[in-house]
Amino acid sequence: MAKSVKTRKSHQPADKFHISLTKKNYAIIGTGIALIILGYIFMSENSVDGFMPTVIAPILLVLGYCAVIPFGILYKDKSEGQNEITDKTVLSTEKANIKTK
């Protein structure tokens with residue numbers, strides 16, 4: 001018995017990856033940069049046993065670098081995503097409503 005060989009469908013070109021940053025994205029990234037600057041200011045305190053340079057500063061730096069800035073880069077408004085979906089559905093319904101003989 002011969003096994004049937006399935007051929008792969010040709011790959012369609014993938015959608016281009018595009019990051020569009022809005023004012024909200026820049027505000028979130030700016031907040032992250034402000035947290036990082038504040039963390040370095042607290043760390044520059046001369047006290048080795050102080051609460052600010054040993055506890056608060058590292059927390060602010062980790063939050064700024066690992067949470068807030070990546071979130072600001074990846075954040076996408078829900079209203080923008082809705083517009084893209086409705087545009088695609090309008091295009092697909094326009095094609096579907098074409099009358100043929």
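Before moving on, here are some points about what is shown:
- Residues in the range 16-32 that are over 12 Å from the mean Cα position of the chain (by Cα) and either among the acidic types (Asp, Glu) or surrounded by 14 or more Cβ atoms within 10 Å (Cβ to Cβ) (or both): Thr31, Gly32.
To keep it simple, each residue is scored yes or no on (1) under 30 Å from Ser79 (Cα atoms); (2) out of contact with any Phe, Trp or Tyr (no Cβ under 6 Å at 6 or more places or on another chain); (3) of a type outside the set (Lys, Arg).
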residue	(1), (2), (3)
Lys23	yes, yes, no
Gly39	no, yes, yes
Ser44	no, yes, yes
Gly64	yes, yes, yes
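- Residues of the range 68-79 classified as in a helix (DSSP H, G or I) and either in contact with a helix residue (DSSP H, G or I) (Cβ under 8 Å, 6 or more places away or on another chain) or touching a residue at least 60 places away in the same chain (Cβ under 8 Å) (or both), total: 5
- Subset of the range 48-74 [modelled with pLDDT under 95 and of a type in the set (Phe, Trp, Tyr)]: Phe51
- Residue check: Ala34 meets all listed conditions (1) touching a helix residue (DSSP H, G or I) at 6+ places or on another chain (Cβ under 7 Å); (2) at pLDDT 95 or above but one, namely (1).
- Taking (1) at pLDDT 65 or above; (2) surrounded by 10 or more Cβ atoms within 10 Å (Cβ to Cβ); (3) part of a helix (DSSP H, G or I) in turn, Glu45 satisfies each apart from (3).
The values are calculated or read from the model by the stated rules, or taken from the named source; none is laboratory data. Note that the structure is a prediction, hence the values are computed from the model and not measured. Quick reminder, even Gly has a Cβ in these numbers, built from the backbone with ideal geometry, and neighbours come from all protein chains shown.
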